Structure formats: structure tokens, C-alpha cells
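Beneath this line is the structure, given in C-alpha cells, with notes to follow.
Read-outs: derived from the displayed coordinates by stated rules, not from any lab. Quick caveat, the model's predicted, so the values are computed rather than measured. In this analysis, Cβ positions are derived from the backbone assuming ideal geometry, glycine residues included, and neighbour counts consider all displayed protein chains.
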Amino acid sequence: MQNFRNYYDILGITKDATADEIKKSFRRLARQYHPDLNPGNKAAEERFKDINEAYEVLSDSSKRSQYDQFGRYWNRPGFQGSARPSTRNWNSRGGDRNAINDVDFGEFTDFSSFVDQLLNRRASSGTTTSTARDDFRPGTTKTSYTMPPRTTRRDAEARLAVPLEKAYLGGRERIRLEDGRSLEVNMPSAMVTGQRIRLKGQGVSGGDLYLKIEVVPHPFFKLDGTDIFCELPITPSEAVLGRPVEVPTLDGLVKMTIPPGVRSGQRLRLANKGYPGVSGQRGDQIVEIQIVMPKELTEQERELYEKLRQLETFNPRADLPV
């Protein structure tokens, strides 16, 4: 009887606690006593198991109802508290006799039948029983109960979307899981979509949690293996005359020289500015030139274009095959 666990006390909540209060208390205690945060602490490990056991029952409305109904039998001497007052128990410490409610065994054929019903209604479906003759009490039988083991450790997987810059750099990152837990994770550098990161002991009942990485598409950079592609807009004058420009890369801005007479769609290469591969070797960044025409011109710009038109000798339509 003394081994009865009061699940409400274990979670530090009252009997009328709401589902949200139960979940909030469980998360707080689970973080506090998690084996990974208390390495080598056997007491914390056992406490963590009790917390999980209590939450498994109280978070299930059906199990909680059964626990509330039958738990009182185990909490008081003589299995008192829930049956109708048909028998009486005497207090022998004083001269007065104090009648208290006790269990009515009249509805059961024997005490074992009562225990059978009690255990079957509060234990999980995995509970098994066996009955054998009791050699020490002729004419009677004894019943053995085999309770199922605690929840088996099981690995779990969760998807984690990561921006390209974070996937490239890695580093410590605080993430929030779907079950509400918040974890600080040491992310490796050069992560790729489909890669899995193992978090030891963060799965089900102490199993491992695997984060499946999904690198979020970037609006400027496009990853293709270890090469990175981007489109760089330039002005018509830059295309004709060429000039040094700054190009965004995963490492920041890098200077690159636009050659004179570059064409729209032409590709230039920035060596070793791509994405790291498995061996650590980096690919290249491929810069595709896009010549952009101005939508609006100032009066002075228009005058200069007029002069240029009068002076230019280049005719791109001179060699049309017609």
C-alpha cells in the first residue's frame, strides 16, 4: 500500500488541475530532471521516470478518471474511501470507537475478485495475471500479477527548416519543438537538405531525437551541389565600359571586375566562393550578368543618350539574315 504513487503530488499540481496546467507542470519538471541535464544522477533519473508515468496517466482523460476513482483505495489504510458504508473499522488507540467508511466486499465473491477488478481497471491493457494453487494454504489459490514495463525508449524525428546563411555558418541555435520544448542545439556548418542531426536522449522516454534539415530556398542565392548561382544586375554603361562592382556572397561582399562589353546572360565565376562539400572543398559562385535598362531618365541623362545615338557606329541589326 505504501508504494502507491500520488501522481498529482509527483507533478506538483492539485487534483482539479486543468489539462493545460498538467502539461505545463510536466514540461517544467521533465526539463529539470532530464537525464541529459543530470548525468550520473540516479535519483534524478528515477524522478524523471515517475514524472513521465504520472503524465501518461493524468494527461489521458479516461485513465485519469479511473485513477481518481480507484486511487483512494491505495491511499488509505484498509482501502477506504469510495464504497458505501456497510462495514465499520474500530480505532483501538482510545476509549472511543470511531466508525469510518470502509470497502464493501459483499459485492465480490472473494478478495481476489476485488483485487482483479481494481487492478484491471487501473492498470494498462498489458497487465497479465496467473492463478496457481497455494501450497502453504490448502484449498486456496494465489494470483500473480505481471505489470507491463515502463514505456520503451523510442527514437523520434522532427523537421527543421533552416535559412541558407544559418545552414552555411552553423553554430548554437535555440529551437522550439512541436511538443513545446525549447532546446539549444549546436548546429554543424555546411548543412544540406535531408541531413539528420542527432539529439541524444531527447526522443520518446529517453530515446534519441533526429532533426531532419530542410534548407529554405534563398531569394538571391541558388544552391546546386557545391556551386552557388546568382544573378547580378548592371547598368548599360557598366556593361559597355566595365568596372569593379561588389557582389554578395555567403561570406559577405566581394569585389569583382565586370569586363568591358559583357553581355546579358554571360556568366562570371568567383572561385571557392560556393558551398562546402563533404570533404570541406568549396565550390564556386557563378554570377550571371543581367543588363537592366533604366525606367526613368533625368533630363541630363536623356541628353547624353541623344548625343550617344548620334555618335555611335554600332548597329546590332546589320547582320540580320533577311
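Things to note:
- Positive minus negative residues near T18 (Lys, Arg vs Asp, Glu; Cβ under 12 Å): +1
- Summing +1 for each Lys or Arg and -1 for each Asp or Glu among the other residues whose beta-carbon sits under 15 angstrom from that of K42 gives -2.
- Taking 0.36 nm per residue of separation and subtracting the current Cα-Cα distance, fully stretching the chain between D16 and R309 would add 96.9 nm.
- Cross-link table K23/K63; K166/K212; K24/K212; K23/K200, entries beyond 21 Å C-alpha to C-alpha: K24/K212; K23/K200
- Nonlocal amide H pairs with T249, under 5 Å, H built at 1.01 Å: V254
- Within the shell defined by Cβ-Cβ distances under 10 Å, the residues around T226 carry a net charge of -2, with Lys and Arg each +1 and Asp and Glu each -1.
- The phi torsions of segment 154-159, fed into the Karplus equation with coefficients 6.51, -1.76 and 1.60 and a -60° offset, translate into couplings of 9, 6, 9, 9, 9, 8 Hz, rounded to whole numbers, with Gly and Pro shown as x.
- Distance between segment 198-235 and segment 266-322 - C-alpha centres, whole angstrom: 31 Å
- Ranking of K42, K273 by count of other Cβ atoms within 10 Å, fewest first: K42, K273
- Compactness of segment 201-267, expressed as Rg and Dmax over alpha-carbon positions, Å: 20.1, 67
- Potential extension, N272-I291 segment - 0.36 nm per residue separation minus Cα distance: 4.3 nm
- For K255 and T152, a Förster radius of 56 Å and the Cβ-Cβ distance give a FRET efficiency of 0.45, rounded to the nearest 0.05.
- Residues of type lysines that K307 reaches as a straight line, Cα spacing below 20 Å, ignoring anything fewer than 8 places off in the same chain: K295
- Between the amide H of G283 and those of G274, Y275, G277, distances stay under 5 Å, these residues lying 5 or more places away or on another chain, with hydrogens modeled in the peptide plane.
- Near L199, the amide H atoms lying under 5 Å from its own belong to L209, Y210, L211; only residues 5 or more places off or on other chains count, and H is placed 1.01 Å from N.
- Distance (nanometres) between label positions extended 7 Å along Cα→Cβ at D179 and K166: 2.1 nm
- Fewest neighbouring Cβ atoms within 10 Å first, the residues E45, E312, E165 line up as E312, E165, E45.
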